[in-house]
Amino acid sequence: MLEQVKALIDEINSFSVTNSDELENFRLTFLSKNGKVQSLFKMMGKVPKEEKAAFGKAMNDAKNIAQARFDALKSEFESSTTSAKTALDDITLTAPTLPIGSLHPLTQTLEDMKKIFYRLGFTIADGPEIEDDFHNFTALNFPPNHPARDEQDTFFIRKSDDPDVDDLVLRTHTSPVQIRLMEKQAPPIRAIMPGRVYRNEAVSAKSYFLFHQVEALYVDKNVSVADLKETLITFVKLMYGSDVKYRLRPGFFPFTEPSLEMDVWWESNGKGKWLEILGSGMVDPNVFKASGIDPEVYTGFAWGMGVERIAILKHGIDDIRSFYENDIRFLEQFN
Ligand code: DAH
């Protein structure tokens with residue numbers, strides 16, 4: 001009888017199991033109620049008395065060996081099936097999530113500004129970042145020796161001694177786009193002109209050699225300073241809420257007369273100050289003349305807003321360089 005048990009144990013150990021179907025077969029063969037282990041147990045009655053103890057022990061061993069092999073194979077198949085599972089085995093598996101980026105705070109601010117001006121009936125116009133001296137300065141009524149033309153402020157692309165060849169500059173403001181627009185479009189004009197501008201300034205928390213402006217131009221019959229003020233006040237209320245604190249001050253620009261500047265109250269940690277967000281004014285008749293528009297028929301207003309300033313005020317940012325450093329810890333705050 002003990003020989004039979006030994007043979008059974010050999011069979012248990014050598015039974016080939018390479019997949020879960022074969023494992024089920026193994027279970028049915030050895031471990032089920034009608035399997036070989038139980039069948040042999042049923043022989044107990046025929047075993048001579050003096051051999052019963054040894055037989056019982058051998059049978060228990062056989063049963064434990066079968067169960068242990070079954071358990072080991074089962075967990076082996078389970079772990080290998082889960083780790084090797086791919087989207088092809090299970091198309092309902094969710095894809096691994098990738099980190100989601102967000103729009104740059106300056107882009108977000110610009111989008112907010114555009115939405116407001118679309119509501120107020122403005123269209124969008126565009127112009128080159130490399131400008132000639134005529135559009136960047138002369139047509140905007142800058143006198144020949146105005147300090148803004150100075151090399152301290154302006155990045156020159158081409159500087160020419162030949163009076164027939166215009167200098168080329170990186171535009172120092174978006175105002176030249178006004179000229180380009182008036183050259184090709186007859187009034188009425190109501191457009192904003194967003195874009196990058198460049199100035200040769202020392203980099204600090206307050207200034208950078210690159211920044212963004214949103215220029216605006218409104219030309220029609222009977223446009224007045226009241227229209228300009230109304231538009232600017234509507235803008236700051238839509239941008240910062242109706243309780244925003246603002247003020248308008250007289251200013252000076254060669255291309256507007258009269259000129260106004262607008263400040264918004266900036267507060268952080270209980271300390272506050274006025275922050276200038278834009279220059280504006282009524283288009284100077286000389287600018288109309290340089291662009292082929294009759295100043296006897298038309299009037300207009302214009303402004304140039306600083307996008308960084310608008311964003312700084314909106315989010316309480318205290319260093320303009322943060323916009324350009326691509327520090328993920330800064331950018332992640334605008335998700
Ligand atoms: N171009 C001016 C600057 O960069 C801003 C400005 C002032 C634009 C008055 C205008 C304006 O259109 O009317 O400082």
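Bear in mind that the values in this text are calculations on the coordinates, not laboratory data. All of these numbers come straight from a predicted model, not from anything done at the bench. Because the Cβ atoms are built from the backbone with ideal geometry, glycine has one as well, and the counts that use them run over all protein chains shown.
Odds and ends about this structure:
- The range 205-250 versus the range 4-19: alpha-carbon centroid distance in Å: 89 Å
- Between the listed residues ILE179, SER291, VAL223, the Cα displaced farthest toward the positive end of the dipole of the chain, a dipole computed from Cβ unit charges relative to the Cα centre, is found at VAL223.
- The string of couplings for the range 278-290 from the Karplus curve (6.51, -1.76, 1.60, θ = phi - 60°) is 6, x, 7, x, 8, 4, 5, x, 5, 5, 4, 4, 5 Hz, one whole number per residue in order, with x for Gly and Pro.
- Prolate/oblate/rounded call for the range 250-302, Cα gyration tensor, a/c under 1.5 rounded: prolate
- Amide H contacts under 5 Å for THR154: ASN200, restricted to partners 5 or more places along the chain or on a different chain, H placed in the peptide plane at 1.01 Å from N.
- Mean Cβ neighbour count within 10 Å, used as a protection proxy, ranking 248-259, 197-208 highest first: 248-259, 197-208
- The chain - mean residue ellipticity at 222 nm from DSSP helices (-39,500 (n - 2.57) per run, n ≥ 4, rounded to 500): -11500 deg cm²/dmol
- Global form of the range 161-248, assessed from the alpha-carbon gyration tensor, a/c cut-off 1.5: oblate
- Separation between Cα centres of the range 92-114 and the range 32-52, rounded to whole Å: 71 Å
- Computed from backbone phi, the HN-Hα couplings of the range 7-23 come to 5, 4, 4, 4, 5, 4, 6, 9, 4, 7, 10, 10, 8, 6, 5, 5, 5 Hz, rounded to whole numbers (Karplus: 6.51 cos²θ - 1.76 cosθ + 1.60, θ = phi - 60°; Gly and Pro given as x).
- Shape call, the range 2-82: gyration tensor on alpha carbons, a/c limit 1.5: prolate
- By the rule of a C-alpha distance below 26 Å, with chain neighbours fewer than 8 residues away ignored, the lysines paired with LYS46 are LYS6, LYS33, LYS36, LYS57, LYS63.
- Relative contact order %, the chain, counting alpha carbon pairs below 8 Å whose residues are six or more apart: 15 percent
- The chain: C-alpha pair distances exceeding 26 Å, %: 64 percent
- Comparing mean-square fluctuations of PHE77, PHE301, PHE137 from a GNM of the chain with C-alpha springs under 10 Å, the top value falls on PHE77.
- Mean separation of Cα contacts under 8 Å, 6 or more apart, over the residue count of the range 2-82: relative contact order %: 39 percent
- Among the listed pairs LYS237/LYS271; LYS229/LYS273; LYS184/LYS314; LYS115/LYS159, those with a Cα-Cα distance over 32 Å are LYS184/LYS314; LYS115/LYS159.
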